[in-house]
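Student: Structure in structure tokens, see below.
The values are calculated or read from the model by the stated rules, or taken from the named source; none is laboratory data. Computed from a predicted structure; not experimentally measured. Note that we place each Cβ from the backbone using ideal geometry, even for glycine, and neighbour counts take in every protein chain shown.
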Amino acid sequence: MLIRFFELLRAAGVPVSITEFLALLEVLEKGTLPFSAATAEKGSVPFSVEAFYWLARTVLVKDERHYDRFDRVFAAHFKGVEQAFEAIVADIPAEWLRKHLEGTLSDEEKAKIAALGGWDKLMEELRKRLAEQKGAHHGGNKWIGTGGTSPFGAYGYNPEGIRIGQDGSRNRRAVKVWDRREFANLDDSVELGTRNIKLALRRLRRFARQGAADQLDLDGTIDSTARKAGLLDIHMVPERHNAVKVLLFLDVGGSMDEHVRACEELFSAARTEFKHLEYYYFHNFVYESVWKDNARRYSERTPTTEVLRTYPHDYKLIFVGDASMSPYEIVQAGGSIEHWNEEPGAAWMRRLLATWPHHVWLNPEPEERWEWTPSIRLTRELLEDRMFPLTLEGLDRAMRGLQ
Amino acid sequence: MSADGNRRFGGSDSYVATDELMLAVNAAVTLGRPLLIKGEPGTGKTQLAQEVARALERPLFEWHIKSTSKAQQGLYEYDAVSRLRDSQLGDQRVHDIANYIVPGMLWRAFDHEQQAVLLIDEIDKADIEFPNDLLRELDRMEFYVYETRQLVTARQRPIVIITSNNEKELPDAFLRRCFFHYIRFPDTATMERIVAVHFPGLKRQLLAEALGAFYRIREVPGLKKKPSTSELLDWIKLLLAEDIPPEALRSDDPKTTVPPLYGALLKNEQDVHLFEQLVFMHRRAGRPS
């Protein structure tokens, strides 16, 4: 059962290794599951699904971004299993419910309840309804009873007042911990912020000491002097700085307008992160000229050949664009929508890629749509698959690819 | 491990731990694995280690990481400068290099005769390679001192608690050796317990109003730094010191009043600015035309 669970986790993209899986088995094997004092005091079962869920999550998942995926797999895999642990539904603290209800009932109502067969029957009824409702609501993340639609309302009090699954009934709550998917928004393919982008870009940083050795290396001097038992040995080093150089090509206008925000964020993050950052704009695809200032894009253009000559091979080349256009704009001479191009875009692209062997393309379009746009497929082929989505996770992959 | 198999961490009178956190700590203690703790700033990550040490009656060694920290510093350092000075002064100690090996936190935790709690605080502040340099040390709980050719092995595997603020990603190989727990932001019920632990005599009404105002501020969209537990505690302390009546915190429309002393909750000027603007806009919108 657990091996299947392990495989499912891996299939869902939670990076679990065998070491971690074995660690989980080890904890389980110890028999006395490391329980919290609180649960023990409450005198509940020594082993519950809830505890197993938390334990498994602690041991197997190493990043809160993956909590959501874990929850989904857990819910799917262990659906129904909780019955095997018995204590869940059966142990809804009936006492608690009773006490709470008694407090809210008038004598008249109490008499009515007695007529219906007494507390136990009523509780049984409630439990049955709960079970039914659980089935019905399983797809969503809704609390049993909070919707106010519970048939229990027929008896004249609002289930909302009972608040099943909120305050008192911890067991009840536990069943649903993983169904709530509270970590849904921490999945890393969703949000982009400059700080996060910076962190992703930071992967590219290469600190290097270059140039003249003009700084006194104090630590090195002391260290080597001491090691030589007092014979002064001065060391000098060049200044340390981030040596990565980046050449950024940004697609502007047209279909890129809807991605402007993401691109701006990327751009502002990149500007502060790299000391050597050069950028050029293009529209849809690169041809014989590019430009640096969008306001003067028709008057001040830089020939692409000049760019090719200017920057040495150790620059990292990053394209940002949706690559969504007519395929003719890539493969056909004269295919550009703005001007007559003597050579097809693909030829220019090959030149760029040959000049800077470290290159990636960042695409703000969602990855699953790439398959269906011929121009994206063409571009990917040109780049030998080095196209990544413009999400944090994609950026991370791209930076790894550039290293 | 068996010696302390019966010792369990279950929160303490000054620290409220959720069930899942206790479970995570106890699992890590049982298997002798490091426990990696993440969560919003101010949710008590660092304090956890102190509380674990107190609850289990273990000595605590704290290793606070800075951007310049090296993994080696946690193991030991060779104090070359002292040795140089001693050699100039003709001290006899100079002939034994072991006199100049200064043990770091990890070594001291390893060497303690009792099982110790070791806190490695804010590991994400250090260089990206830092965690990788500690793999073997945390896995086997041993390391080698090259200067003296000595193998240091832990007498008892210390309980290692590592905190991170997510500024850098940690390498997979490192993560695989740790257990992991993300401290969620406490819900209202837990928050009430936390406040009760810190301010036992607090009036119920003031507490309810303060929590209400606090969660409303947290829900303001676009805040750069949402106030967290530690800010709430500071704020309540201030409210008590200034003797603010609970009525002052209440408002019919959640956004029309600025709670008093909000400087304790909002930590940067953009947030304060945003907040005041929202309040202003709502006031204007709420005014009968």
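Student: Out of the residues in the stretch A:226-249 that are out of contact with any Lys or Arg (no Cβ under 8 Å at 6 or more places or on another chain) and modelled with pLDDT of 85 or more, which is nearest to the other protein chains (Cβ to nearest Cβ)? Give the derivation first.
Tutor: Filtering the stretch A:226-249 down to residues out of contact with any Lys or Arg (no Cβ under 8 Å at 6 or more places or on another chain) leaves A:227-236, A:248-249.
From the residues that got through so far, the ones that are modelled with pLDDT of 85 or more too are A:248-249.
Working: A:Leu248: 23, A:Phe249: 27 Å.
Applying the filter and picking the extreme gives A:Leu248.
Student: Are there any helices (runs of 4 or more DSSP H) wholly within the stretch A:287-363 with 1 or more residues that are free of Cβ contacts under 8 Å to residues at least 12 places away in the same chain and within 17 Å of A:Gly401 (Cβ to Cβ), and if so which? Give the steps one after another, and end with the answer.
Tutor: Details: elements: A:304-310, A:328-331, A:345-355.
Those helices (runs of 4 or more DSSP H) do not exist here; none qualify.
Student: List the helices (runs of 4 or more DSSP H) that sit entirely inside the stretch A:4-97 and contain at least 3 residues that are within 22 Å of B:Arg177 (Cβ to Cβ) and modelled with pLDDT of 70 or more. Walk me through it before giving the result.
Tutor: Numbers: elements: A:18-29, A:37-42, A:49-60, A:67-77, A:87-90.
In the stretch A:4-97, the matching helices (runs of 4 or more DSSP H) lie at A:18-29, A:49-60, A:67-77.
Student: Here is a further query. How many residues are within 14 Å of another protein chain (Cβ to nearest Cβ) and of a type in the set (Ser, Thr, Tyr) when one looks only at the stretch B:38-90?
Tutor: Narrowing the stretch B:38-90 to residues within 14 Å of another protein chain (Cβ to nearest Cβ): B:38-41, B:43, B:45, B:48, B:51-52, B:55-56, B:67-68, B:70, B:72-73, B:77-90.
Adding the requirement that they be of a type in the set (Ser, Thr, Tyr) leaves B:43, B:67-68, B:78, B:82, B:87.
The number of residues fulfilling the criteria is 6.
Student: Additional query: Among the residues of the stretch A:237-265, write down those that are surrounded by fewer than 17 Cβ atoms within 10 Å (Cβ to Cβ) and in a loop (DSSP other than H, G, I, E, B).
Tutor: Answer for the stretch A:237-265, where residues must be surrounded by fewer than 17 Cβ atoms within 10 Å (Cβ to Cβ) and in a loop (DSSP other than H, G, I, E, B): A:Pro238, A:Glu239, A:Ala243, A:Gly253.
Student: Here's something else I'd like to know. Of the residues B:Arg177, B:Arg184, B:Arg157, only one is touching a residue at least 60 places away in the same chain (Cβ under 8 Å) and over 16 Å from B:Ala24 (Cα atoms); which?
Tutor: Numbers: B:Arg177 fails: over 16 Å from B:Ala24 (Cα atoms); B:Arg184 fails: over 16 Å from B:Ala24 (Cα atoms).
Answer to the check: B:Arg157.
Student: Right, B:Val117: in contact with a Cys (Cβ under 9 Å, 6 or more places away or on another chain), more than 14 Å from chain A (Cβ to nearest Cβ), surrounded by 15 or more Cβ atoms within 10 Å (Cβ to Cβ) and not polar (S, T, N, Q) or not? Step through it out loud before you land on a result.
Tutor: Details: in contact with a Cys (Cβ under 9 Å, 6 or more places away or on another chain): no; more than 14 Å from chain A (Cβ to nearest Cβ): yes; surrounded by 15 or more Cβ atoms within 10 Å (Cβ to Cβ): yes; not polar (S, T, N, Q): yes.
When the stated conditions are applied, B:Val117 does not pass them.
Student: Failed condition for A:Arg386, given (1) at pLDDT 85 or above; (2) over 23 Å from A:Phe267 (Cα atoms), with all others met?
Tutor: Condition (2) is where A:Arg386 drops out.
Student: Within the stretch B:143-161, is even one residue in a strand (DSSP E or B) and within 14 Å of chain A (Cβ to nearest Cβ)?
Tutor: Scanning the stretch B:143-161 turns up at least one residue that is in a strand (DSSP E or B) and within 14 Å of chain A (Cβ to nearest Cβ).
Student: Sticking with this structure for a sec: Taking the stretch A:213-236 as the region of interest, how many residues are surrounded by 15 or more Cβ atoms within 10 Å (Cβ to Cβ), outside any loop (DSSP other than H, G, I, E, B), out of contact with any His (no Cβ under 8 Å at 6 or more places or on another chain) and not charged (D, E, K, R)?
Tutor: 3
Student: Here's a follow-up. Please verify whether B:Gly90 is touching a helix residue (DSSP H, G or I) at 6+ places or on another chain (Cβ under 9 Å) and of a type in the set (Gly, Ala, Ser), treating the condition exactly as stated.
Tutor: Working: touching a helix residue (DSSP H, G or I) at 6+ places or on another chain (Cβ under 9 Å): no; of a type in the set (Gly, Ala, Ser): yes.
Criteria not met by B:Gly90.
Student: Can I ask one more? Considering only the stretch A:337-395, how many residues are β-branched (Val, Ile, Thr) and touching a helix residue (DSSP H, G or I) at 6+ places or on another chain (Cβ under 6 Å)? Give the steps one after another, and end with the answer.
Tutor: Applying the first criterion (β-branched (Val, Ile, Thr)) to the stretch A:337-395 yields A:337, A:355, A:360, A:373, A:376, A:379, A:391.
Filter once more, keeping what is touching a helix residue (DSSP H, G or I) at 6+ places or on another chain (Cβ under 6 Å): A:355, A:360, A:376.
Of the residues in the stretch A:337-395, 3 are β-branched (Val, Ile, Thr) and touching a helix residue (DSSP H, G or I) at 6+ places or on another chain (Cβ under 6 Å).
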